[in-house]
Every structure is written in C-alpha cells, then in structure tokens.
Ligand code: M6R
C-alpha cells in the first residue's frame, strides 16, 4: 500500500529514486512522484498513473541533487490525480514529504491547520502532516525536532520520509504501523518501504521499529524514539540477492513464480525432514506449546485465507480438534472464544496485511499461542509470533499470489503432520505414508508445468467469456475459490467459486451457454460421484463444462467440453497439484486479453490499511 524511498549521497539521485520505486511498484501504481533537494531548493515531479508516466515527466531533464524522496501510490484518500500524488510540499515550499499509511485524525488536524492559516491543495490525509511539520519547524528551526514534536499529533499508520531545503543532505524517516527500512552504504544511505528497493545497493540494513525516527545523512544514521531519545541499533546483513527480483527471461513475474513452485516445495520438505525422522522438524515452532492446544483458529486474507481453508480441513482430520478458519477482517469485529488453550495461526505472505496483523494482535491479548506463517521474516506480523513458520518462497513480485500459496500449503501440511506426531493423533504408519506421499509432489508438479503449453492452447475456448463459475467440494473447495480469485484479479473476468452442492440453491439460475462452469475433481474420493452429478446438472443447463482432475479419471472425459489433468496424488495433498492448472489458466487468459498480469488494476501486493 504505497511505497516510499529516500536517498542521500553522491549518486544520481533521481535515477536511484526511480529505480527504487520500480522495485516497489507491486505496492501501488496509482501515481508516482519524487522530490529532489538541489542545494537548498526543492523540485517536485509527479504524475498520475503508472511509474512510466513519471519516467516520461523527467526524461531528458538535468536533475542535480544531493538527496531526494520518492513515492508510489495506492490511493486511499482522494483520486489518482497529480494533486493527490506525493511528495506533498509545505505552504512555504521548504519542506516535502512522502507517506505510506493512513492518518486517521487527518480531518481534525486539517481543521486546526486551516485555522492556523494553512492552505490545502489535495484531498489526501497526508497533506495534514506536511503542514503540521512545517508549523513545528517554524517553532524550533530543526527538522528532527519538528518531527519529534509533530508525530505526537498523529494517529494511525505512517511511514514518512521528510526533507527540508535548509538541510539538503538530510532525510528524516518515521515508522509507526507501516514498514520502513534504512540501507547503510558508504558515504550514502537509503530509506525504503521494503528491501527490493535497495537490494544490490547496500549490504547492511536497519529495519525500523514502530515508534522510531531515523535521521539519515550521507555520513551516518541516528535512530531516536518518539520522545527524541537516541536508541542504539545494530545493523543486520541483507539476505537477498538482486537475482530474486529479475524475471529470468519469463514475460511476467507471475509465470516465473508459478514455475518456481516445485523447487520451493522440494526445499521445504528437505529442510523439514532433514533429520531423517517421520515427524517434520520446524525449528522456529514451539511444538510443545502449539500441540497442547484444545482448538485452533486460523486467520488470514485473500489467497492466504484459501490456504487456511485447506489447513482447516486437514487439521480436523489429523488432529481431531475443532478448527475454525476466519477472514482476518471479520475476526477483528467478532467476539471469538480464543483463550490460552487456543492455537491461533496467522497467515500472511507479506506479513504487512493490516487486517491480519490487527486480528493476530487481538488474539494475542487473549493469551493464545500465536503461530505466524509468513514469507517475510522481517515483517511487522512477526513481532506478535510465539512460533514462526517461514514460507521460504523467495520474494513474490507479482501482485497475484502463486508461489506463496503453494509454500503456505506445504508449510501447513508440515505443521499438521508435526502436531499430529506430537499429539499422537495419527498412527506412526499413517505419518510415514503421508510423508512418502508428500515427497512425490515436487516431481508431479514439475510434470504439470512441463505440459503448460496444453493449458495455453485451451485458452482460446475460454478467453471470450466475461463470467465463470468454479465448483468443488471438500478440501478442494478452497482450490476452486483460489482458482476463481486468480482469474478474477488478473483478467477481470467475473469468476466466483461455490461449493458444488450449493449450485442448486441459487447460482444455478445463472447457468446458460454464456456461463462456463469449471469443476475441480478428485477421483477416488467420497465426494467424486456427487461432483459428477453436479457437473451433469450444469451441463443440462447448456453451460460450457471445464474440469480439472487426475489423469486416472475414467469418467470425466465423456462429460466435459474441456479437461485438464494432473498426476493423481493423495486427496489430502491434491490442492497442491490441482491448483497449478488453475493458476496457468488464469495467467494465459489474462495474457491473451492483454491485461497487466503482474500489476492488476486497483490491487496492491501488501494491503497495509484496514
Ligand atoms: O500478504 P498477505 O498474504 O497477507 O495478503 C493477503 C491478500 O491480500 C492476498 O493474498 C491477495 O488476495 C492477493 N491479491 C492474492 O493474489
């Protein structure tokens, strides 16, 4: 949700800021802007729309500067216009800032500042902050003191980079409920919302904590708390190599990330079973505490919620305790029965999703054991974790989650098997059998991806429909929901997932030759025959019928207009493999329709607002 960058040093400031923003584009693309401090004069360039518009705006201009700040926006308050684009400038033209987050009390602040004579030029919540800091600067004449004085007035979530024309070599960065990292270079320093913006530029970083202010000059970085007291922070070494944010020859990050999935599963399994035992070893999970739970609640959003739904299904089977799966945005406003005997699992690829963080925080207050699954061990959610399960999927750049979903499923299977081992809720023989089944998954997944050309060919049959229904039962209901979400978010086809048995309770009214139905099937399962009956019902209403099933399915061929097959696996693990054709289908439909696959409209990779 918005990305911010800052730089002070001898490098080409505008190029560095634009390059940083390029690597943060997954955070928003409604507008972009930079402010450059050129020897005591602040120049601002901004453009609505994608970053390319800002590139065009600055192209061919000589832009000398000793420091600058930049922003990429996901609009919350105010439309995606140039006036609402960041950086925002103070009324005296001397102070500029960029902001990620939401200032919740901006209306009252605006009224107060307007009474003080300040004029507002945008509809944003952010503009209140820039005038506030100008007002405080005028009282003390020091940027850092103005920031310390100003933050006391602010409520909500904010990461800022702020600069003043009188101190061209300085940027003050602030973090409160929105991520911010400082990159330490030689005679130059960086600030960014996320590591991809500075990957390859610096070796050492300091991840700011909430309530911290960094005063960044080219020579050094000093960290203070919100009272202005200096804090000692040790830098850590950056763990990413620049290669992780390259497309490696693929046309889109999404396709690259889809193809990384078998390798991710293989590594997760290797790590978890490295000791040769039958029970997975997950070193950052407090197995004793987690296994004692009498019930489990899993909270997440979007794709992570679909992974949670799969886990809910298998955990009840394997652990024989009640499991509830709740959308984080709903959990926040419920009165759940969470207590010290509950294991609460929060799942978030980014670790920055505001809904999930707030829900996990609320659960922690009840004394529950909090287990966090995240792809970012440096993210905000981790600070609430009693146990941690890193997804180890590598940076996911495409806004549509693919490889992180597969890593979530794999980690949840491993967690379920570990807890079952500790609780002795599954016989040792069963654990052994499930382990053996899991080990076959990566090569079977590779077989599916090797045949992706077949799926590409099917796209012609589906790409012209503007709507679609996905159906499944049991464990693969989540697969259908996820497949529909993927298609919807990147192709803008109105795809919706339903439990197949629910069709007849309403959605069947939508069926005719213009509404294709895609069924996710698991031959051999107890729900297979019922699924086939539901597919027959759809066919009888003239729906074009597509199916995803195992290659040993003997029934489906006669019924379906289009059939995609994958190698057969144990039903428990089928979501891992049946999901692949659905990801590819979504990808190829979106690509065929000429959509911006990696940056679908209105979305952002991490949703840091409630
Ligand atoms: O980072 P998180 O896993 O917390 O993100 C949750 C959702 O915002 C995310 O999965 C979203 O639904 C994606 N667009 C799915 O492709």
Check the stretch 581-588 and report whether any residue there is more than 30 Å from residue 28 (Cβ to Cβ), away from the ligand (no atom under 16 Å from the Cβ) and touching a strand residue (DSSP E or B) at 6+ places or on another chain (Cβ under 7 Å). yes
Just checking, does the stretch 480-492 include any residue being within 16 Å of the ligand (Cβ to nearest atom) and not in a helix (DSSP H, G or I)? yes
Quick check on residue 9: is it touching a helix residue (DSSP H, G or I) at 6+ places or on another chain (Cβ under 9 Å) and over 22 Å from residue 126 (Cβ atoms)? yes
If residue 526 passes every condition in (1) within 16 Å of residue 541 (Cβ to Cβ); (2) assigned to a loop (DSSP other than H, G, I, E, B) but one, which one does it miss? (1)
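Okay, residues lined up against (1) in contact (Cβ under 8 Å) with a residue 12 or more places away in the chain; (2) closer than 12 Å to residue 586 by Cα; (3) surrounded by fewer than 21 Cβ atoms within 10 Å (Cβ to Cβ):
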{"site": "447", "(1), (2), (3)": "yes, no, yes"}
{"site": "456", "(1), (2), (3)": "yes, yes, yes"}
{"site": "471", "(1), (2), (3)": "yes, no, no"}
{"site": "481", "(1), (2), (3)": "yes, no, no"}
{"site": "489", "(1), (2), (3)": "yes, yes, no"}
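Can we say residue 52 is outside any strand (DSSP E or B), in the same structural domain as residue 82 (by TED's automatic domain parsing), crowded, with 17+ Cβ neighbours inside 10 Å and within 28 Å of the chain's Cα centre (by Cα)?
For residue 52, the condition - outside any strand (DSSP E or B), in the same structural domain as residue 82 (by TED's automatic domain parsing), crowded, with 17+ Cβ neighbours inside 10 Å and within 28 Å of the chain's Cα centre (by Cα) - is not met.
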So which residues in the stretch 363-393 are free of Cβ contacts under 8 Å to residues at least 40 places away in the same chain, more than 28 Å from residue 266 (Cα to Cα) and touching a strand residue (DSSP E or B) at 6+ places or on another chain (Cβ under 9 Å)? 364, 366, 367, 384
Tally, over the stretch 203-217, of residues that are surrounded by fewer than 20 Cβ atoms within 10 Å (Cβ to Cβ) and in a loop (DSSP other than H, G, I, E, B): 4
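To keep it simple, each residue is scored yes or no on (1) away from the ligand (no atom under 16 Å from the Cβ); (2) in contact with a helix residue (DSSP H, G or I) (Cβ under 8 Å, 6 or more places away or on another chain); (3) in contact (Cβ under 8 Å) with a residue 60 or more places away in the chain.
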| position | (1), (2), (3) |
| --- | --- |
| 398 | no, yes, yes |
| 408 | no, yes, yes |
| 412 | no, yes, yes |
| 420 | yes, yes, yes |
| 440 | yes, no, yes |
Flag for residue 546 being part of a strand (DSSP E or B) and either more than 16 Å from the ligand (Cβ to nearest atom) or within 29 Å of the chain's Cα centre (by Cα) (or both): yes
Kindly indicate the residue of the stretch 345-369 that is within 15 Å of the ligand (Cβ to nearest atom) and closer than 21 Å to residue 294 by Cα and also surrounded by the most Cβ atoms within 10 Å (Cβ to Cβ) among those meeting that condition. 347
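The values are calculated or read from the model by the stated rules, or taken from the named source; none is laboratory data. Being a predicted model, the structure only gives us computed values, none of them experimental. Note that each Cβ is placed from the backbone with ideal geometry, even for glycine, and that neighbours are counted across all protein chains shown.
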